[in-house]
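The values are calculated or read from the model by the stated rules, or taken from the named source; none is laboratory data. Values in this document were obtained by computation on a predicted structure and should not be read as measured data. Every residue, glycine among them, receives a Cβ derived from its backbone with ideal geometry; neighbour counts consider all protein chains shown. Each accessible area value is taken on the protein alone, full model and side chains, heavy atoms only, with ligands, DNA and RNA left out. Shrake-Rupley method; radii C 1.70, N 1.55, O 1.52, S 1.80 Å.
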Amino acid sequence: MADQMEIVIHPVSPQGGRKVTAHVLGVDADLGRAFTPADVPEFLRRAGLEDVDLSEDGPIQWDGGGPEVWTRDI
């Protein structure tokens, strides 16, 4: 299923947090706004996408910085 799955962690928004979206088997879904790294696997679990590699080498696309970026530089 990895070839049919795209998960994007978007850049930190002006309101804070990072939007998490998924495209799986032709369906697009907004999974929520993550404020900490722990939010991401919880959103994925709720969407039925458990055991996803969250590293920068995994199937997740980290836009605007990797898993260590949770605040905007001003």
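Annotations
- Matching residues, the range 15-47, being assigned to a loop (DSSP other than H, G, I, E, B) and over 12 Å from Met5 (Cα atoms): Gln15, Gly16, Gly17, Phe35, Thr36, Pro37, Ala38, Ala47
- Scanning the range 1-14 for residues that are in a strand (DSSP E or B) and among the hydrophobic types (A, V, I, L, M, F, W, C) returns Met5, Ile7, Val8, Ile9, Val12.
- The set of residues in the range 41-61 that are among the polar types (S, T, N, Q) and either open to solvent by 50 Å² or more (accessible area, probe 1.4 Å) or modelled with pLDDT of 90 or more (or both) contains only Gln61.
- Residue match in the range 15-27 (condition: loosely packed, with under 14 Cβ neighbours inside 10 Å and within 14 Å of Trp70 (Cβ to Cβ)): yes
- Scanning the range 57-74 for residues that are of a type outside the set (A, V, I, L, M) and over 15 Å from Met5 (Cα atoms) returns Asp63, Gly64, Gly65, Gly66, Pro67, Glu68, Trp70, Thr71, Arg72, Asp73.
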